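Values in this text are rule-based calculations from the coordinates and carry no lab data. In this text the structure is predicted, and so the values were computed from the model without any measurement. When we count neighbours, we look across all protein chains shown, and the Cβ atoms used for this are built from the backbone with ideal geometry, even at glycine.
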Amino acid sequence: MATATRTKSAASQRVAPAPTRTETATVALLSLARESGADTRLPSFLQLRESLGVSVVTLNKALATLEAHQVLYRRHGVGIFVSPHVKRRMVSIVVNPRFAVSEPGGVAEESPVWGVLVGFLKTHLDTAGHDFNVQVLADESPDTTPLYTDFARAVSEARVHGVLGIGVTEKAIRFFSEHQVPVVTFAGEGDHRIELDNPALIASATRALLQSGCHRLALVLPGTSNGITDTFAEEDIAASRHLRAFADTLRGFGVPLLPHFIYDGGFLARAGFTTIVPTALWHLGYRVGQSLFAGAERADGVVCTNDVVASGLLTAAQEANIGIGSQVRFATHANTTLSTLTPWAGRIIRLAVSPDEIARRMLVKLNHLMAGNTDPEPRERYLATVLPPTVPTEPERN
């Protein structure tokens with residue numbers, strides 16, 4: 001059997017492009033807003049267009065960007081004003097270290113998307129005129145603070161005005177709350193968060209495969225807390241939102257759930273693969289794929305909730321000479337700014353998730369809280385967009 005290999009993604013080698021005219025105009029307007037101060041009236045639209053040397057379309061796009069970030073606001077017939085939100089604030093991007101490194105004994109959360117999300121958070125914070133830094137949570141124990149000393153001191157001295165968290169723990173949330181620092185999180189604890197609706201993603205992916213003619217579906221989940229063992233009962237399905245979404249959608253189409261086609265992050269350990277490497281998510285998909293496509297009975301559709309896991313599955317399918325999109329169809333989570341699934345993008349159903357949009361929503365929510373306002377939707381759901389295959393399926397292979 002051929003050896004599976006991975007190469008650096010094109011995204012990691014990509015040179016940053018030169019700023020567009022809109023980006024240049026946005027930076028210039030942000031600088032003007034900072035210099036002018038909150039509630040100041042700016043020059044007229046015509047004066048701004050002439051001073052910046054840009055078109056009406058470009059200026060409108062730049063203004064719209066800054067309005068979305070609550071840097072500027074326009075009053076019809078009156079003028080353009082600097083928002084009262086433009087008061088320099090220190091915002092910390094706080095990341096749980098397990099989202100970047102492997103943990104012994106289980107599948108790590110390692111994925112390139114976390115670095116991409118941090119990058120977009122930095123971009124949006126800079127555009128909004130905030131000062132910011134990036135912090136990593138400290139190792140937790142019952143008697144220790146969940147933050148490193150210097151950062152904990154900054155929080156306690158009110159030198160941190162808001163937190164954008166990735167995988168932030170409940171203990172860290174309590175610490176921020178005790179010091180009245182508003183927190184907005186993704187993939188972690190917290191009263192104010194953006195949540196990727198994975199059960200809805202699974203239901204949409206399952207529905208898309210069933211509508212394309214599949215009737216023997218596999219489900220692959222990266223986590224290890226899904227109630228999955230070598231065999232599991234109806235009560236296990238009822239206890240898991242992910243399994244329930246899968247089972248309910250199958251039932252709606254009159255298609256049976258096949259327990260032997262359901263895999264999770266515990267598969268590696270149950271199958272005897274005890275060494276966890278930095279690419280554990282990919283290897284989970286690859287090993288599941290080897291198991292899934294080896295027998296005489298195989299699934300004709302695969303639902304996956306992680307694009308790195310999916311790239312391992314798809315690699316295994318190729319090595320097994322499986323026709324992707326013809327013999328087996330795939331519907332998987334896909335981050336829009338990563339090249340993880342680029343080789344197969346035209347032949348699979350993608351449930352598209354935008355890290356840029358998640359970062360934007362997180363900051364809008366945090367700005368709202370830092371201004372002392374009530375959050376109208378504390379737990380805001382993010383729904384993936386279904387993107388169908390764009391090229392004809394491969395011919396059947398013998």
Subject >> Built amide H within the under 5 Å cut-off of Val302, gap 5+ >> reply: Ala218, Arg329, Phe330, Ala331
**OP:** Taking 7 Å along the Cα-to-C-beta vector as the label spot, tell me the Asp300-Asp150 distance in nanometres, rounded to one decimal.
**Re:** 6.0
Original post:
Just how far, in whole angstrom, is the stretch 15-63 from the stretch 283-359 if you go by their alpha carbon centroids?
Top reply: 42
**OP:** Report ³J(HN,Hα) in whole Hz for each residue of the stretch 370-376, in order, from the Karplus equation J = 6.51 cos²θ - 1.76 cosθ + 1.60 where θ = phi - 60°; Gly and Pro get x.
**Re:** 5, 7, x, 8, 7, 6, x
**OP:** Counting only C-alpha contacts under 8 Å and six or more residues apart, can you give the relative contact order of the stretch 315-398 as a whole percent?
**Re:** 40
**OP:** For the stretch 30-35, take each phi angle, set θ = phi - 60°, evaluate the Karplus expression 6.51 cos²θ - 1.76 cosθ + 1.60, and give the result in whole Hz per residue in order, putting x for glycine and proline.
**Re:** 4, 4, 5, 5, 4, 5
Original post:
What ranking do Arg174, Arg287 get, fewest neighbouring Cβ atoms within 10 angstrom at the top?
Top reply: Arg174, Arg287
